[in-house]
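Bear in mind these aren't lab numbers, they're just calculated from the coordinates by the rules spelled out. Everything numeric here is computed off the predicted structure, so don't read it as measured data. Counting neighbours? That spans all protein chains shown, and the Cβs are built from the backbone with ideal geometry, glycine included.
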Amino acid sequence: MAAELPDAIARYFAADAGTDADTIAQCFADSAIVTDEGHTHVGRDAIRRWKTEAASRYCYTAQPVAVAAQGDRTVVTSHLVGDFPGSPVDLRYIFLLEGPQIAALEIVP
């Protein structure tokens, strides 16, 4: 990876590369919140469904290219390439960490 990531975030991107929704969900705190494509998903079960649905619709790879602190958040810019409309694209993943887990994630252009 081009960017040095905090452990919880590195685990998320490693799990995302494998597309296993259960492994991805385990990166998050029990009551975590994910906002992606205008939808909010609350809790591990909802996050698991979100990743399962995304994996069934699109095949993609995400390569983190930059990381920056923004207050209490960590912003990772990632280059995505896949079979989705608008590919390739750079997206910002805005993480809020809670100890060794992710408490919140927002994915935006």
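One table, with the values for the structure above:
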{"quantity": "Fewest-first ranking of Y58, Y12, using other Cβ atoms within 10 Å as the exposure measure", "calculated": "Y58, Y12"}
{"quantity": "Projected area, mean over directions - the chain, Cα convex hull, nm²", "calculated": "6.0"}
{"quantity": "Packing-based order for 49-57, 26-34, using average beta carbon neighbours within 10 Å, highest first", "calculated": "26-34, 49-57"}
{"quantity": "Value of [θ]222 nm, deg cm²/dmol, for the chain, DSSP H segments ≥ 4, -39500 (n - 2.57) each, nearest 500", "calculated": "-8500 deg cm²/dmol"}
